[in-house]
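We did not get these values from a lab; they are worked out from the coordinates using the rules stated. Being a predicted model, the structure only gives us computed values, none of them experimental. Note: ideal-geometry Cβ built from the backbone for every residue, glycine included; neighbour counts use all protein chains shown.
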Amino acid sequence: MQRMSDQPARWTQATVYPDMWTDPDDDPRDSEGPGPDGELATLQDFLTNYRITLRMKCDGLDAEQLAHRSVPPSTMSLLGLVRHLAEVERDWRNWISDGDPLRKLYGEKDADFHGAVAEQAVVDAAFSDLEREQAATDAALAEHPDLGERVGKDKIAVRELMVHRVEEYARHCGHADLLRERIDGRVGQ
């Protein structure tokens, strides 16, 4: 006897490789040709591709799906991840600053996740916040092209901050994979 399930069927848009998110010709991430030259360019390339991956995992979903907390009891949702990464981008600027820290975008104690509600205005604001904070952090770090330079009150190496940025996005793209699959069954790279 076959039972009904609330789990969505697994699927992908890819036709060339069935385990991929999208076909290589449709993938906005740059993977053709030789990789970037140099450590800084490599770190920036990985960061860019993880940022694009996060956006891809959110594409095609409505506000309710983006805000859906699909792995109870976790408060994590795709929208919460977007808000969290906007908050983290802002915090990274605090790491490199000698001045007073920037205020939190969404408030204390996981407000980035708790405030991720199914309202289109919240979704629009979250993506706008993320783009703005990414651009501001990128601009601040562009002033420090030497990866060995130590910056901020804690004298963190720029290299450590850059590696942490890549790691943070990579980790959350893994979360986004699972969240998206649970929402509508879409799987892939």
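A few points about this structure:
- Share of alpha-carbon pairs per 10 Å distance bin for region 78-162, given as whole %: 18, 45, 27, 10, 1
- Peptides 166-176, 136-146 ordered by average Cβ neighbours within 10 Å, highest first: 166-176, 136-146
- Relative to the longest principal axis of the Cα atoms of the chain, the long axis of helix 158-184 lies at roughly 10 degrees.
- Mean Cα-pair separation over length for the chain, i.e. relative contact order, pairs under 8 Å, 6 or more apart, %: 33 percent
- Residue with peak Gaussian network fluctuation, the chain [Cα springs, cutoff 10 Å], from Lys155, Lys57, Lys109: Lys109
- Candidates Gly80, Gly152, Gly38: whichever shows maximal mean-square fluctuation once the chain is modelled as a Gaussian network with Cα springs under 10 Å: Gly38
- Reported to the nearest whole Å, the Cα centre-to-centre distance from region 32-51 to region 126-175 is 14.
- With θ taken as phi - 60° and the Karplus curve 6.51 cos²θ - 1.76 cosθ + 1.60 applied, the whole-hertz 3J(HN,Hα) list for region 111-120 is 4, 4, 7, 5, x, 7, 9, 6, 10, 4 Hz, x standing for glycine and proline.
- Expressed per residue, the C-alpha convex hull volume of region 128-168 stands at 74 Å³.
- Potential lengthening between Glu108 and Asp25 on full extension [0.36 nm per residue; Cα-Cα distance subtracted]: 25.7 nm
- Rg over Rh [alpha-carbon atoms, Kirkwood Rh] for the chain: 1.01
- Rg/Rh, computed from the Cα trace of region 22-82 with Rh as the Kirkwood radius, has the value 1.11.
- Each Lys and Arg Cβ is given +1 and each Asp and Glu Cβ -1; about its Cα centre, the chain then shows a dipole of about 700 debye.
- Put a plus charge on the Cβ of each Lys and Arg, a minus charge on the Cβ of each Asp and Glu, and nothing anywhere else: the dipole of region 42-95 about its Cα centre is then about 80 debye.
- Amide proton proximity set for Asp110, modelled H, under 5 Å, gap of 5+: none
- Amide H contacts of Arg186: Trp11, each under 5 Å away and 5 or more positions distant or on a separate chain (H built 1.01 Å from N in the peptide plane; Pro and chain starts excluded).
- Cross-link partners of Lys57 among lysines, defined as those whose alpha carbon lies under 28 angstrom from its own and excluding same-chain residues fewer than eight positions apart: Lys104, Lys109.
- Protection proxy ranking of 112-121, 46-55 - average other beta-carbon atoms within 10 Å, highest first: 46-55, 112-121
- Residues considered: Pro72, Pro34, Pro24. Largest GNM mean-square fluctuation over the chain, using C-alpha springs under 10 Å, is found at Pro34.
- Residue-wise HN-Hα couplings along region 88-93, as the Karplus relation 6.51 cos²θ - 1.76 cosθ + 1.60 with θ = phi - 60° gives them from phi, are 5, 4, 5, 5, 4, 5 Hz; Gly and Pro carry x.
- Rounded to whole numbers, the Karplus 3J(HN,Hα) couplings from phi for region 53-68 are 4, 4, 4, 4, 5, 9, 4, x, 9, 8, 4, 5, 5, 4, 8, 5 Hz, using 6.51 cos²θ - 1.76 cosθ + 1.60 with θ = phi - 60°, and x at Gly and Pro.
- Amide H contacts of Ile156 (H built 1.01 Å from N, under 5 Å, at least 5 apart or other chain): Val151
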